[in-house]
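Structure record follows, encoded as structure tokens.
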Amino acid sequence: AKDEIGDLARGITAVLTRLSDYASYQEKMAGRLSHELRTPLAVVRSSLDNLRQTAVPDEARVYVERAQGGIDRLAHILTRMSEATRLEQALANTERERFDLRPLVAACVDGYRVVYPQRRIEFEAAPAPCVIEGAPELVAQLLDKLCANAVEFATEDPVVVALAPLHDGLHLSVSNVGPRLPAKMQGEFFDSMVSLREAPRDNEPHLGLGLYIVRLCAQFHGATAHADNRADGRGVVVSVVFPFAAGAG
């Protein structure tokens, strides 16, 4: 039909076609990325294996172990990408275990100090165990995104990673001194394809998926993620509140 209803029907059909094409592209992108990254990952892994078999000084061996931990984490991510076309499906297939957040976060922070030497990164944690149920590699992935974001927007030291058991759960937070969170972004900070970057700083694309992944990983653990301006008004703090493991509260 050539009337308004016909025009509307054609418009809706065009939109649905574009959405279908985009969904198909997203589904195939994970598999393509997984395929392309496995070869350089294998090269780095074999190089680390050869390095571990040589006489490495004790003070250097810790860096080899951290690099191996990073490779293992990347391998976990690639495995999920190859087994599922969507992150939601990958999370649904991830096994849960009971573990202590404190040593995991401490090990991650040690690695960040090497990766981001331009920033002083501090870790504050209560001495008590912080036990939750979930997937350690997903918590590490969540913290990777939070710290990378904090370091990028920080204008001065320190970036503070804090872990504390409170009455409503285990609070994992990352705060930095820098720009405040725009009021208009408060409700969509963890949405997909949302970014605070005004323009690429390093000629690399920023798809705004980092904090969306944080939200998905938090939801997997029954946790909540939220971002606020710091009480002193000098930056932003992003917090994830994990429920205590059964019998650990």
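Quick note: the coordinates plus some simple rules give every number you see, no bench work behind them. Everything numeric here is computed off the predicted structure, so don't read it as measured data. Every residue, glycine among them, receives a Cβ derived from its backbone with ideal geometry; neighbour counts consider all protein chains shown.
Multiplying the residue separation of L51 and E133 by 0.36 nm and removing their Cα-Cα distance gives an extension gain of 26.0 nm. For R120, the residues whose modelled amide H falls within less than 5 Å of its own, excluding neighbours fewer than 5 places apart on the same chain, are V159. In a DSSP loop and with at most 16 other Cβ atoms within 10 Å, the trypsin sites (Lys or Arg not before Pro) in segment 91-171 are R96, R120.
Proximity of backbone amide H atoms, modeled 1.01 Å from N, is registered between H221 and no other residue at under 5 Å, excluding neighbours fewer than 5 places apart on the same chain. Computed from backbone phi, the HN-Hα couplings of segment 10-17 come to 5, x, 5, 4, 5, 5, 4, 5 Hz, rounded to whole numbers (Karplus: 6.51 cos²θ - 1.76 cosθ + 1.60, θ = phi - 60°; Gly and Pro given as x).
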